[in-house]
Amino acid sequence: MFVLSVFLASLVIIPFALKTFSPYLWMDILYIADLVRIMVKFVSRRRRRPLFFVLDRFLEQTAAHPDKRFIVFENESYSFMDADRRSNKIANALQASSKYEPGCTVALFMGNEPAYMFTWLALAKLGSPVALLNHNIRSKSLLHCFSCCNAQVLIAAADSNAGVLPSLREQGVSIFLMAKECDTPGIDSLTDQVEKASDSPLPHSLRSHITFKTPAVYIYTSGTTGLPKAAVVNHNRLLIALAVLSSNGVTSDDNLYLNLPLYHTAGFIVGFIGPIETGSTIILRRKFSASQFWDDCRKYNVTVVQYIGEVLRYLCSTPKRDNDKDHKVRLAFGNGVRAEIWREFLHRFGNIEVREFYASTEGNVGFVNYVGKIGAVGRVNFIHRKLFPYTLIKYDTERDEPVRDANGFCIESAKGETGLLVSKITDLAPFVGYAQNEQQTEKKRLRNVLKKGDLYFNSGDLLRIDKDNFIYFQDRVGDTFRWKGENVATTEVADILTLADCIKEANVYGVQIPGHEGRVGMAAVAVKEGAQFDPSKIFSHVVSYLPSYARPRFIRLQNAVEVTGTFKQLKVQLVKEGFDPGCIQDPLYILDDQVKSYTPMTAQIYNSIVTGGMKL
């Protein structure tokens, strides 16, 4: 009887104790189970012969569910079989052309449309690596991106900018235009050839030369600093990426809304490659539109949406409607949402699971916030850390390098401290690097980190792990600056500024001042519609929420904060322009402690600062 009583009591006490002292244990266990399942499936696929790639998974889906909707675009719908046949026609048309050699690298210069996906599938069937060019870039950047991956062929959309095409033709590049007619000499119409081509399957022998180390795609960095770099994504990495949605509960019953650019990692890998594994339907849109977002979700019964950067903030900035919660979206998957926007998004649009993750195009480690902790990008997990060893190390933002001890090794950050994320380069977690750019590739390698001879990937990101083992993104290495002997995280300051009533968005950065060590804080802000910038209130706001060293000394008013094509804030030009009212047309303000307000910046004040007459 006593034993039975103890047993019954334990049934009550143990769950209570676990919930109190280990509230996330069950979710941790489920995550580990998911991780093991993914690894088992990956290893199983790696052992298949002939070699198994993403294309083979697509062909499996086509054979199993030929009539299942794969892509919906505007008023058109394409099944898996439609996509297979159309990609066959493109592949056969290219193979028949004397200007294309099977296996050569091809650059895609197109916007979001089904033809983009069909063309990638066609090139995969021909064994060609594909460079995903940003269709917004022009002239010098386009030429650079094309040449750095040794592409021999360019396939461009009908409405592509033709200005740079003659330069490519002069270099012997074969150019195909996705148009029915093309009057430009030396440029072929691919659409006309595709219509005449057969839709018969391509022989496997065309891609028999491919290994897991062969480049599958080249995806370019956003180019917020300098010219873009081409990150090499090989077939092994793309095979791993198949699990990106299935590991987060997405199934064949889901409709995924894809409005992010297909040339970007999130659009291509999450939005296109992910559904190939799950068999989900892709609702494709040419570009992101905040005003049309929820109408599209309702029209197409969308259940899963993606976001990056400022996307969720844009949605929260739209006028409120009575039907804001009238939709079937259950999951928002992405990265880059700030905590206060996360809360506002849930409050306004309903019970949507937000799965924030951390990853980079070229990086060898990633995290996912499977718990749903607002603000976190992931969680420390023992098994995950064993498979993909990583750590946070102390970083000197002034010297722009890791802090090392007397023996020359890096110093690991304590819990609660911000540190540079580095991840060990192993066979399971390789770092391939950038095409034709060994210098930039080597810059991302960090040697002798914890012991002599070890090799780690330098993420360039500053993260923090709290006492509950949640991981938080803090800043990019180049964005964090040092002022008055203290580190200032730009994202934290921007978050505080956007809490002010009149400020819609803020981009924070550091600018140099002659005679001062470090960089002083400055913010470019956009004011909310219908509101006015109130210098006194903003002064009171920053004084209340920020320590003196973190308060922006200068504020620049803009109509809108500039972002890249992937919704990341641009800082380089702002830093370069500094706080000189002589070369900046926007209204400028300086923090004035004596009058307890931000006051207009004048040429006289500027000269006094740069000549050392005024100390900040």
* Asked: How much length, in nm to one decimal, is gained on full extension between Lys325 and Asp400, taken as 0.36 nm per residue of separation minus their Cα-Cα distance?
  -> 22.4 nm
* To do: Calculate, in nm to one decimal, what Arg385 and Ala414 gain on full extension: separation in residues at 0.36 nm each, minus their alpha carbon distance.
  => 8.8 nm
* To do: Measure off, as a whole percent, the carbon and sulfur share of the 1.4 Å-probe accessible area of the chain, all protein chains present.
  => 52
* Structure fact -> Per the helix-only model, the chain has a calculated mean residue ellipticity at 222 nm (DSSP H runs of ≥4, -39500 (n - 2.57) each, divided over all residues, rounded to the nearest 500) of -9000 deg cm²/dmol
* Asked: Is there a pair in Lys287/Lys504; Lys576/Lys596; Lys394/Lys615; Lys415/Lys451; Lys451/Lys484 whose C-alpha atoms are over 26 Å apart, and which pairs would that be?
  -> Lys576/Lys596; Lys394/Lys615; Lys451/Lys484
* **Förster-model FRET efficiency, 30 Å R0, Gln573 and Val595, C-beta, rounded to 0.05** => 0.45
* FRET efficiency, 1/(1 + (r/R0)^6) with R0 56 Å, evaluated for Leu143 and Asn607 via beta carbons -> 0.85
* To do: Keeping every protein chain in place, order Val543, Val329 by accessible area at 1.4 Å, biggest value first, i.e. largest first.
  => Val543, Val329
* Would you list Ser252, Ser289 from the most to the least accessible area, probe 1.4 Å? -> Ser252, Ser289
* Could you state how much accessible area Lys571 has, in square angstrom rounded to the nearest 10, with a 1.4 Å probe and all protein chains kept in place? => 30
* Please give the contour-minus-distance gain from Arg298 to Lys196: 0.36 nm per residue of separation, less the Cα-Cα distance, rounded to one decimal in nm. => 32.9 nm
* What is the magnitude of the charge dipole of the chain about its Cα centre, with +1 placed on the Cβ of each Lys and Arg, -1 on the Cβ of each Asp and Glu, and no other charges, expressed in debye to the nearest 20? -> 1380
* So how exposed is Trp120, as accessible area in Å² (1.4 Å probe, rounded to 10)? -> 10
* For the range 354-492: rounded, prolate or oblate by the Cα gyration tensor [a/c cutoff 1.5] -> rounded
* So which of Lys229/Lys452; Lys299/Lys373; Lys424/Lys444 end up more than 22 Å apart, counting from Cα to Cα? -> Lys229/Lys452; Lys299/Lys373
* **10 Å Cβ shell holding at most 10 others, DSSP loop, GluC sites (Glu not before Pro): longest site-free stretch of the chain** => 182-528
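The values are calculated or read from the model by the stated rules, or taken from the named source; none is laboratory data. As the structure is a computational prediction, the values presented were derived from the model and not from experiment. Glycine also receives a Cβ, built like all others from the backbone with ideal geometry; neighbour counts cover every protein chain displayed. Surface areas here come from the heavy atoms of the whole protein model, side chains and all, with no ligands, DNA or RNA. Shrake-Rupley method; radii C 1.70, N 1.55, O 1.52, S 1.80 Å.
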